[in-house]
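Asker: Take this structure first; my questions come after.
The values are calculated or read from the model by the stated rules, or taken from the named source; none is laboratory data. Owing to the predicted nature of the structure, the values given are computational and were not obtained by experimental measurement. Cβ: placed from backbone, ideal geometry, glycine included. Neighbour counts: every protein chain shown. Remember, those area values only see protein heavy atoms, side chains included, never the ligands or the DNA or RNA. Shrake-Rupley method; radii C 1.70, N 1.55, O 1.52, S 1.80 Å.
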Amino acid sequence: MLQRTHSPEETKALARQWIAAHPTIKLWFLKGDLGAGKTCFVKGIATFFGSPENQVKSPTFSFIEVHDNWVHVDLYRLQEEDVFLNQELEEHLQAGRTLFIEWPQRLLSWQNRPHAEIQFTHQGETERELKLTLLS
Ligand code: ADP
Ligand code: MG
């Protein structure tokens, strides 16, 4: 599925729409350059799950931000795959939480799991292309 958005608000609205349309998907990979809108998308997700949007930050010291029933992960600064991090993510999935992972390319051993992938691409100052692919 391919969509263009023209503002951060539109990206957040699209996030809510796509999450609502795929309630059984618990693993979401968010790919794209810095500034492409991945964290903005997660802010839209926060509203969907009833969490305050201002709690969504780009984690600098921790890779994982746990909310009630969903988890925001940003692996931009992860140097190499880490068994403890893998284990922690695994536990969140077991607990029924939905995971949204920025820079999922860093998790080599997770690439073959069923997930939804969204590729974010800059199209201009305030225009972004979002491509949703379901991989099983
Ligand atoms: P990433 O997490 O991919 O590095 P962010 O979501 O942190 O990117 O940053 C996206 C930036 O682009 C924000 O400053 C946001 O306000 C801006 N922006 C402008 N237009 C859009 C759009 N259509 N969708 C998402 N973000 C946008
Ligand atoms: Mg980000």
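Asker: Find the accessible area per residue for the chain; the probe is 1.4 Å, ligands and nucleic acids are left out, and the unit is Å². Provide the component values of the computation, followed by the final result.
Answerer: Numbers: 7370 Å² over 136 residues.
In whole numbers, the chain has 54 Å² accessible per residue.
Asker: I'm checking a number: the convex hull volume of the Cα atoms of the chain, normalised per residue, in Å³. What is it?
Answerer: On the way: hull volume 14.0 nm³, N = 136.
So the per-residue Cα hull volume is 103 Å³.
Asker: Please report the equivalent ellipsoid semi-axes of segment 1-46, computed as sqrt(5 x eigenvalue) of the Cα gyration tensor, largest first, in whole Å. Don't jump to the answer; show the numbers that get you there.
Answerer: Numbers: eigenvalues 55, 31, 20 Å².
Calculated on Cα positions only, the semi-axes equal 17, 12, 10 Å.
Asker: With each run of n ≥ 4 DSSP H residues scored as -39500 (n - 2.57), what mean residue ellipticity at 222 nm is computed for the chain after dividing by its residue count and rounding to the nearest 500 deg cm²/dmol? Write out the running numbers ahead of the final one.
Answerer: On the way: 3 runs with 38 residues, N = 136.
The helix contribution divided over the chain gives -9000 deg cm²/dmol.
Asker: Of the accessible area of segment 1-57, with the probe set at 1.4 angstrom, what percent is carbon plus sulfur? Each step should come with its number before you reach the end.
Answerer: Working: 1550 of 2800 Å².
Reported share for carbon and sulfur atoms: 55 percent.
Asker: E9 to L78: FRET efficiency via 1/(1 + (r/R0)^6), r the Cβ-Cβ distance, R0 41 Å, to the nearest 0.05?
Answerer: Working: r = 30 Å, r/R0 = 0.73.
Efficiency, rounded to the nearest 0.05: 0.85.
Asker: I'd like to compare 3-11, 91-99, 76-84: which one has the highest average count of other Cβ atoms within 10 Å, and what's the full order after that? Can you show the working numbers first?
Answerer: Working: 3-11: 16.3, 91-99: 14.2, 76-84: 10.6.
Output ranking for 3-11, 91-99, 76-84: 3-11, 91-99, 76-84.
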